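The values are calculated or read from the model by the stated rules, or taken from the named source; none is laboratory data. Predicted, not measured: the structure shown is a model, and the values here were computed from it. So basically every Cβ, Gly included, is an ideal-geometry build from the backbone, and we count neighbours across all protein chains shown.
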Amino acid sequence: MKSRILNHPLPYIALILAHIIWGANFVVAKLALREFPVMSLGFLRFAFACILLIPFLMLENSHRSPQAKKLKIKVEHLPTLVFIGLSLVTFNIVFFYEGLLRSTAITASTIQLTIPILSIVGCWIFLKEKIYRINLFGIFLGFIGILILIGLPLLFVGDLNGKSLVGNLLLILSSVSFVIGAILSRKMLKFYPPLVITTIAFLVGMLSFLMPAINDYIADPTWISRITVLGVLGLLYIAILSSVSAYFLFQWGLDRVGVVQANLFQYFEPAVAALVAVPFLSERVSFSFIIGTLLVVLGVYWGTLGKPEHHHLLHHHHRT
């Protein structure tokens, strides 16, 4: 792998840049939530995302065959597609933002790594996918790591922070919600291209955030006047860099180095989040966090051996 990196460095640089952007995104989102109400940030983010998707939809449509251009959404698929949008975007983002408000960006970055494990468990239960003993061992390790990260061991010594516990549980619910939507979307991929499903999910998310965002303004019309340049840059970072640029950097690198090597770079994200969160959010890296993160990383690695397709959920989650 070393010689390949030296001989063809650009794909690896693209992968590293993508994961640096995604790792820093946890900190940027937490900073943005200091200025934007949760529902308003969700609405603005997906309004921007829908606008950004338009040229990609037009480009994809121009390359389709005449028969594919006649693709129409079937009425019987609408309830499933709407539920996919609610799971992938609305509930996922609400749980994520509310959890991030109560927890730390460093912990959130590690909890999100468990999405591939949750995906395997979900597909094992609901889609009857085969699972190996090494996967079960990895799932067990990841579960123990999550228990340490959310702070449950502190319960026995009376040093548990109730606010952070609630935040960490919300972050787990965010991951669960995303995996539910992703499992359902796999069935819809038999009928529609990924970009179409993504666009519908973003539209559902934007519309579901609209009324709560209006309510935010009615409750406090002055919040808009308090937005700083930092807040605007944070919104643009989330909508453009994290949701679009990093995703295409990852896809470009993935096409050239393969799934197995590309997935190794996902473990950079907690380190990047920690490096940014410590100076900008004054967060600290505890010994229990290091142990919990190590167990989660090992759990994800062993839990997904032989199942590389489940890693893609983590990258689709970042785009969302």
Among residues belonging to segment 244-261 that are modelled with pLDDT under 80 and of a type in the set (A, V, I, L, M), point out the one that is farthest from Leu10 (Cα to Cα).
-> Val244
Would a scan of segment 3-18 turn up a residue that is at pLDDT 90 or above and either surrounded by 15 or more Cβ atoms within 10 Å (Cβ to Cβ) or part of a helix (DSSP H, G or I) (or both)?
-> yes
Which members of segment 114-134 meet the condition of being more than 15 Å from Ala182 (Cα to Cα), in a helix (DSSP H, G or I) and touching a Leu at 6+ places or on another chain (Cβ under 9 Å)?
-> Ile134
Quick one: count up the residues across segment 22-33 that are touching a Gly at 6+ places or on another chain (Cβ under 8 Å) and within 16 Å of Thr222 (Cα to Cα).
-> 0
Restricting attention to segment 210-257, the residues that are of a type in the set (S, T, N, Q) and not in a helix (DSSP H, G or I) number exactly 1
Would you confirm whether any residue within segment 152-161 is at pLDDT below 90, surrounded by 16 or more Cβ atoms within 10 Å (Cβ to Cβ) and either of a type in the set (A, V, I, L, M, F, W, C) or closer than 17 Å to Tyr97 by Cβ (or both)?
-> no
Write out, first by first residue and then by second, each pair whose Cβ atoms fall under 9 Å of each other, whose residues are 6+ apart or on separate chains, and whose first residue, in segment 236-252, is closer than 15 Å to Gly23 by Cα while the second is of a type outside the set (Gly, Ala, Ser) and outside any helix (DSSP H, G or I).
-> Ser243/Thr320
